[in-house]
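Take a look at this one; I'll ask things after.
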Amino acid sequence: MLVAPSLILILLIAVWPVLQSFYYSLFDLRLNNPTKSEVNLSYHIDLEKYLNSYPFLISTLEDEAGKAKGSTAETLNGLIKELKDVDAGIQSDAAVKKKYEQVDDKLTNMEPVSEDLSSVKVDKADALKLDKTLHKVSTQVKALKGLKNEDDALGLSSSLNEAVIKPNFIGFDHYKSNLTDKRMWMAIWNTSAFTIISVFIELVLGLAIAVLINKAFFGRGLVRATILIPWAIPTAVSAKMWQFLYDGQNGIVAKIFEKIGLVDNATDLLTSNIGAMFSIIFTDVWKTTPYMALLLLAGLQTISSSLYEAASIDGATKWKQFTTITLPLLKSSILVALLFRTLDAFRVFDLVYVLTGGGPANSTETISILAYKRMFEQTNFGDGSALSVIVFVCVAVISMIFIKFLGRELLNDK
């Protein structure tokens, strides 16, 4: 009962969005396709689209059949009969027929049709029969020669086919395609490389800064506050700032790197693969090293100064004190700091999105950037949701690895 509120919050804030993303990933959801813009587990017909095309298709085919002779007229009359049979099958359901007539009346009177009235669930057999018949119409109209309104017939049959809304449940197809997609694996590689390199550098620099500001000296409070300024700046703002600094024409940082020989040309920082990756790592290190230092400083302040005094009396050097006292006692704090920073770095989005957009040539595209592009730029919500679930799985694995080591350390259980 005591932990129930926390569990409920975790379910609502963390678990539910993941479950929802997993659910969406099982469907072919595409916002740019009206027939796949929402989850659909059954066969439906958009009566507004259907009745805007069906009567005109019948009229066009009947007009062609009246002018044609021989086998052409016979073929057209056969197609007309099949279409009418399918239409009769759709109206055989009383509930569907009622909506059918209501939509037909509204269209005749030029009145708007609501979505609830337009969409109607139909029998699977009728929907598949209509779909098969429409494909047959398109195929045979193309095969017939000399039709005056061939384009109209093909266009109406195609439009009518869009009225059939099929179930868009595809199971694990998105995961199968992503796990064999070179672009996704490249995004995972970019994300892992960024995470490992940036977190390692931040750990080394953060530990050095934490040891420095843990000492007593004049103005220590001001130094601590100043060091935290980069971390306090919003990521999007700092990324935009560094984008100007990296600019090959006017960026001062790009010019400095070129002069000291770090890059061959100032423009390489944002236009070459290695330069772009170096740029986002450098920016991330500048921004989040203070955060790492703050976490490690909290751990340093729990170490008693008497341990250093005793070691000094025993003749231990500063380096010996650091390796035998500071590092062992700081191990738990380091693991916690690494856990937070590794998870945060692996989910990096805003820094890369603002600074490079994943370019050039997807060389800095992380898994979160790829998921964003699939979901929002391509409006493929099913595939984007699958990538989001993959990100969650990766983060969960990283968390379990760190917590396993962290738990051993805290419980002293080998």
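Any chance segment 380-401 includes a residue that's over 21 Å from I188 (Cβ atoms), more than 11 Å from the chain's Cα centre (by Cα), open to solvent by less than 30 Å² (accessible area, probe 1.4 Å) and at pLDDT below 90?
no
With the requirement that a residue be over 21 Å from L51 (Cα atoms) and either of a type in the set (G, A, S) or open to solvent by 60 Å² or more (accessible area, probe 1.4 Å) (or both), what does segment 141-154 give you? Working first, answer last.
Going through segment 141-154, the residues over 21 Å from L51 (Cα atoms) turn out to be 142-148.
Those that are over 21 Å from L51 (Cα atoms) and either of a type in the set (G, A, S) or open to solvent by 60 Å² or more (accessible area, probe 1.4 Å) (or both): K142, A143, K145, G146, K148.
Filter segment 263-273 down to the residues that are polar (S, T, N, Q) and either in contact with a His (Cβ under 6 Å, 6 or more places away or on another chain) or open to solvent by 70 Å² or more (accessible area, probe 1.4 Å) (or both) and list them by number.
Step one: list which residues in segment 263-273 are polar (S, T, N, Q), which gives 265, 267, 271-273.
Once the filter is applied, which keeps residues that are polar (S, T, N, Q) and either in contact with a His (Cβ under 6 Å, 6 or more places away or on another chain) or open to solvent by 70 Å² or more (accessible area, probe 1.4 Å) (or both), segment 263-273 yields T271, N273.
Moving on to the next point. Restricting to segment 24-35, what's the tally of residues that are in a helix (DSSP H, G or I) and either under 24 Å from L130 (Cα atoms) or without any contact (Cβ under 8 Å) to a residue 60 or more places away in the chain (or both)?
So the answer is 2.
Looking only at helices (runs of 4 or more DSSP H) that fall completely inside segment 36-134, which ones have 3 or more residues that are surrounded by 18 or more Cβ atoms within 10 Å (Cβ to Cβ) and of a type in the set (A, V, I, L, M, F, W, C)?
Numbers: elements: 47-67, 70-90, 94-108, 115-118.
Of the helices (runs of 4 or more DSSP H) lying wholly inside segment 36-134, those with at least 3 residues that are surrounded by 18 or more Cβ atoms within 10 Å (Cβ to Cβ) and of a type in the set (A, V, I, L, M, F, W, C) span 47-67, 70-90.
Per-residue answers, yes or no, for (1) over 27 Å from P234 (Cβ atoms); (2) surrounded by 15 or more Cβ atoms within 10 Å (Cβ to Cβ); (3) hydrophobic (A, V, I, L, M, F, W, C):
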site	(1), (2), (3)
G275	no, yes, no
L296	no, yes, yes
L300	yes, yes, yes
S306	yes, no, no
K320	yes, no, no
L338	no, yes, yes
V352	no, yes, yes
L355	no, yes, yes
S363	no, yes, no
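Moving on. Suppose we filter A361, A337, A371, A345 for residues that are aliphatic (A, V, I, L, M) and free of Cβ contacts under 8 Å to residues at least 24 places away in the same chain; which single one remains? Steps first, please.
Values: A361 fails: free of Cβ contacts under 8 Å to residues at least 24 places away in the same chain; A337 fails: free of Cβ contacts under 8 Å to residues at least 24 places away in the same chain; A345 fails: free of Cβ contacts under 8 Å to residues at least 24 places away in the same chain.
When all the criteria are applied, what remains is A371.
In addition: Could we say that V336 is among the hydrophobic types (A, V, I, L, M, F, W, C) and within 30 Å of G248 (Cβ to Cβ) here? Step through it out loud before you land on a result.
Details: among the hydrophobic types (A, V, I, L, M, F, W, C): yes; within 30 Å of G248 (Cβ to Cβ): no.
Criteria not met by V336.
Condition first: modelled with pLDDT under 85 and of a type in the set (D, E). Now tell me which residues in segment 54-86 satisfy that.
E64
Continuing with this model, one more query. In the set K166, K176, which member is among the basic types (K, R) and either at pLDDT below 90 or touching a strand residue (DSSP E or B) at 6+ places or on another chain (Cβ under 8 Å) (or both)?
Details: K176 fails: either at pLDDT below 90 or touching a strand residue (DSSP E or B) at 6+ places or on another chain (Cβ under 8 Å) (or both).
None of the others qualify; the one that does is K166.
The values are calculated or read from the model by the stated rules, or taken from the named source; none is laboratory data. Bear in mind that the values here come from a model prediction, so they are computed numbers and not experimental data. Every residue, glycine among them, receives a Cβ derived from its backbone with ideal geometry; neighbour counts consider all protein chains shown. SASA here: full protein model, heavy atoms, side chains in, ligands and nucleic acids out. Shrake-Rupley method; radii C 1.70, N 1.55, O 1.52, S 1.80 Å.
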